[in-house]
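Chemist: This structure is in structure tokens; I'll ask about it shortly.
Read-outs throughout are calculated quantities, based only on the coordinates presented, and are distinct from any laboratory measurement. Here the structure is a predicted model, which means the values were calculated and not measured. Note that we place each Cβ from the backbone using ideal geometry, even for glycine, and neighbour counts take in every protein chain shown.
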Amino acid sequence: MILQTALLIALVLFSALAILLRDLLRSAISLAVASLLLGIIFFRMNAPYAGVFEISVVAGLITVLFILTIALTNAGEEVREAKAVNWVFPVFFIVFIVIDGLVMKSLLQKVPSLATAAPPGGFREVLWQGRTMDLVGQIAVILAGVFSVLALFRKRDKHE
Amino acid sequence: MSNTWYLYLFFSAVLVGVGLYALLTKRNLIKLFIAIEVLAKGVSLLLLSTGFARGNVLVAQALVVTFIVVEVSLVATALALIINVYRHTKSLDVRKLAKLKG
């Protein structure tokens, strides 16, 4: 439990770093580290498939996409962020954590646990038989993503 | 629900809160997208921890995998859009998007 809590705290810290750091490349890398930690948390919660997806896809592929975009767009060095943002963040963070903690404390034992029954079989049965429509949706979303990227990067005709 | 679930709920709320703060205050488009990613991490953590607390981690896992696939598709499309915006306006400042005409 202590290790899990430490992992969760590190996850929040790296996510906050990803937002606070000025250098976008460093932000992208700390986001990847946060994904890695989340993947480890998933592994420790007996969800190896979700952990593998989180580490390989989110920590790997999305980081590569971010770094590619940062390289192609000159990292937006000309954008001037409001100066107060990074100063206000610690105050916001502490106030948010205190309020969050108080709300959780008041909620303790008040959310009813609904009756549940684990579905029979393993992950494969659940994914392929129980959540078939999800898979169809996933295929549709992937196709939509591919087509939209193709449409956005198509070469323009000369008369356009 | 078990007490462990409240711990996960607490941390998911912190992640969502941090992501929302950055979404509201930052101006760089890539930074805004990093904020959306942080928010998505909070959501997927909450999904899986709820399944874990109810002893039904398999369905939660299937949902998280679906969520990650949707997330990747979203990231690819949005980053392509950001590159196109940069080519148009030569800037990643979100305020300049308000001045687009035609």
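Chemist: Let me know the charge dipole size of the protein assembly as shown about its Cα centre in debye, to the nearest 20, where only the beta-carbon of Lys, Arg (+1) and Asp, Glu (-1) is charged.
Modeler: 720 debye
Chemist: Related question: Of the options B:L7, B:I68, B:L20, report the single residue whose Cα projects farthest towards the positive end of the charge dipole of chain B (beta-carbon charges: Lys, Arg +1; Asp, Glu -1).
Modeler: Sorting the options by dipole projection puts first B:L20.
Chemist: Among A:T73, B:T4, A:T63, what is the fewest-to-most ranking by other Cβ atoms within 10 Å?
Modeler: Ranking A:T73, B:T4, A:T63 by Cβ neighbours within 10 Å, fewest first, gives B:T4, A:T63, A:T73.
Chemist: Hey, what number do you get for chain A at 222 nm if only DSSP H runs of n ≥ 4 count, each worth -39500 (n - 2.57), divided across all residues, to the nearest 500?
Modeler: That calculation yields -21000 deg cm²/dmol at 222 nm.
Chemist: Let me ask something additional. Which order results if B:S49, B:S2 are arranged by neighbouring Cβ count within 10 Å, fewest first?
Modeler: Going from sparsest to densest Cβ surroundings: B:S2, B:S49.
Chemist: Taking the alpha-carbon distance from B:K41 and a cut-off under 18 Å, which aspartates and glutamates remain once sequence neighbours fewer than 8 residues away in the same chain are dropped?
Modeler: Cross-link targets: A:E54, A:D100, B:E71.
Chemist: While we're looking at this one, here's another question. What residue among A:L20, A:L38, A:L114 has the largest mean-square fluctuation in a Gaussian network model of chain A, using Cα springs under 10 Å?
Modeler: Sorting by GNM fluctuation, first place goes to A:L114.
Chemist: Continuing with the same structure: Which residue fluctuates most in the GNM of chain A (Cα springs below 10 Å): A:F43, A:F147, A:F92?
Modeler: Evaluated over chain A, the most mobile residue of the options is A:F147.
Chemist: While we're looking at this one, here's another question. In straight Cα distance, which lysines are under 30 Å from B:K99, not counting same-chain residues fewer than 8 positions off?
Modeler: Candidates past the 8-residue exclusion: A:K83, A:K155, A:K158, B:K26, B:K31, B:K90.
Chemist: Taking the beta-carbon count within 10 Å as an exposure proxy, list A:W128, B:W5, A:W87 from fewest neighbours to most.
Modeler: In increasing order of surrounding Cβ atoms, one gets A:W87, A:W128, B:W5.
Chemist: Counting alpha carbon pairs within less than 8 Å and at least 6 residues apart, what relative contact order, in whole percent, applies to chain A?
Modeler: Computed value for chain A: 13 percent relative contact order.
Chemist: Still on this structure, I have one more. Could you work out the relative contact order of the stretch B:1-89, using alpha carbon pairs under 8 angstrom and six or more residues apart, expressed as a whole percent?
Modeler: 27 percent
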